[in-house]
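First the structure, in the form of structure tokens, and then the observations on it.
The values are calculated or read from the model by the stated rules, or taken from the named source; none is laboratory data. In this text the structure is predicted, and so the values were computed from the model without any measurement. Here the Cβ is made from the backbone with ideal geometry for all residues, glycine too, and neighbour counts use every protein chain on show.
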Amino acid sequence: MRQAFTILTLLVAAPVFAQGSGPIPELANQQLADPKKEAEATNLMHGLRCIQCQGQSIADSDAPMAATMRAEVRQQIAKGEKPETIRKWMIGRYGEWVSFEPEMKGSGLLLWAAPVLLLLVAVWMARGLFRRRA
Amino acid sequence: MTRPWLLWLPLAVIAFIGGLAIYGLLVPKDELVRSAMVGQKLPQFALAPATAGVQGLASSDMADGKPRLLNIFASWCIPCKAEAPHLETLKKAGVEIDAIAVRDRPEDVAVFLDQFGNPFRRIGADNEMAVQLMLGSSGVPETYVIGSDGKISYQHIGDIREEHVPMLLEKLAEAK
């Protein structure tokens, strides 16, 4: 009974197969021959967000879109493109959101400045303590 | 204590953070990733035909100065089936619709067109989703309005429902 149920649920679970049937680009799961370039590419892949599964980087995601993005990153790196240029290209397609490293402007600036601001507030709050000890 | 109000400061900060959390819960979540290519020129690409009997699609095919729709679909995508009749309505209203089939097999595309109709002038096959990436597209189905100036003027994410048809016709008129 349980087995039949399992098979039935597997048959019903069509969305599992709803990923399309196209080929995965070669460079999506294949490292570049030059270890230095591969390291550069991998580093960038960890800093780009997967469009399909949103919380994951394209290096961690198994979604077809992430595969396409990884292949694009490796191709561009192999061509000698700078990681920052590729990141900008991706931002040009999907907006700021695609990058895990917010830029230092707009609300991103607040994010970067927050630790410094908090430290200043802490120093200001603690200044009385130093005065008493001196 | 010379400044008693200072005592309340930590409470105020925590209340503010708590308020932010409640606000975050109340605001509806929008997980759509919109293309940053809206307002930009349609990128250059050339795709092979998605199945026998249809023509492939290149960006140059869409540069005849007429506003049109570019529909991104796949035979394995269920909402794409739901939007098929509305694409048919748009076609009957005189709209030229080109399409890109994403990660698909020619035989599956043929079955899809047989079952749900073919309102498309041309259908290119984007097997590796490379053109999707160029367009800043994040899934299927999606529909782009391409203006007569060759620029992407609007991106519709998700299936086209009946209520979207007049809106898309308006966007097409604006894109002239």
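Hey, any hits in the stretch B:74-90 for a residue that's away from every other protein chain (no Cβ under 13 Å), of a type in the set (A, V, I, L, M, F, W, C), over 15 Å from B:Val140 (Cα atoms) and in contact (Cβ under 8 Å) with a residue 12 or more places away in the chain? Yes, the stretch B:74-90 has at least one match. Scanning the stretch B:20-46 for residues that are more than 20 Å from A:Ile51 (Cβ to Cβ), touching a strand residue (DSSP E or B) at 6+ places or on another chain (Cβ under 7 Å) and not basic (Lys, Arg) turns up just one, B:Ala46.
Among the residues of the stretch B:133-147, how many are more than 9 Å from chain A (Cβ to nearest Cβ) and not in a loop (DSSP other than H, G, I, E, B)?
Count: 5.
When the stretch A:29-86 is filtered for residues that are part of a loop (DSSP other than H, G, I, E, B), aliphatic (A, V, I, L, M) and over 25 Å from A:Pro102 (Cβ atoms), the ones remaining, listed by number, are A:Leu32, A:Ala33.
Cβ-Cβ distances below 7 Å connect the following pairs, each with a first residue in the stretch A:49-69 that is facing another protein chain (nearest Cβ under 7 Å), a second residue that is hydroxyl-bearing (Ser, Thr, Tyr) and not in a loop (DSSP other than H, G, I, E, B), and a separation of six or more residues or different chains: A:Ile51/A:Tyr94. Here is the figure for the stretch A:26-37: residues that are over 21 Å from B:Glu128 (Cα atoms) and either surrounded by 13 or more Cβ atoms within 10 Å (Cβ to Cβ) or not assigned by TED's automatic domain parsing to the domain that holds A:Met65 (or both) total 1.
Condition test on B:Pro28, is it surrounded by 12 or more Cβ atoms within 10 Å (Cβ to Cβ) and over 14 Å from the mean Cα position of the chain (by Cα)? So B:Pro28 does not fit the description; no.
Inside the stretch B:2-57, residues that are on the phi < 0 side of the Ramachandran plot, in a loop (DSSP other than H, G, I, E, B) and within 14 Å of another protein chain (Cβ to nearest Cβ) make up a count of 19. Remark: pairs (first residue in the stretch B:105-127, within 12 Å of chain A (Cβ to nearest Cβ); second residue in a helix (DSSP H, G or I); Cβ separation under 7 Å; 6+ apart in sequence or on different chains) = B:Asp126/B:Gln132.
Scanning the stretch A:77-102 for residues being in contact with a Phe, Trp or Tyr (Cβ under 9 Å, 6 or more places away or on another chain) and within 20 Å of B:Ala36 (Cα to Cα) gives a total of 2.
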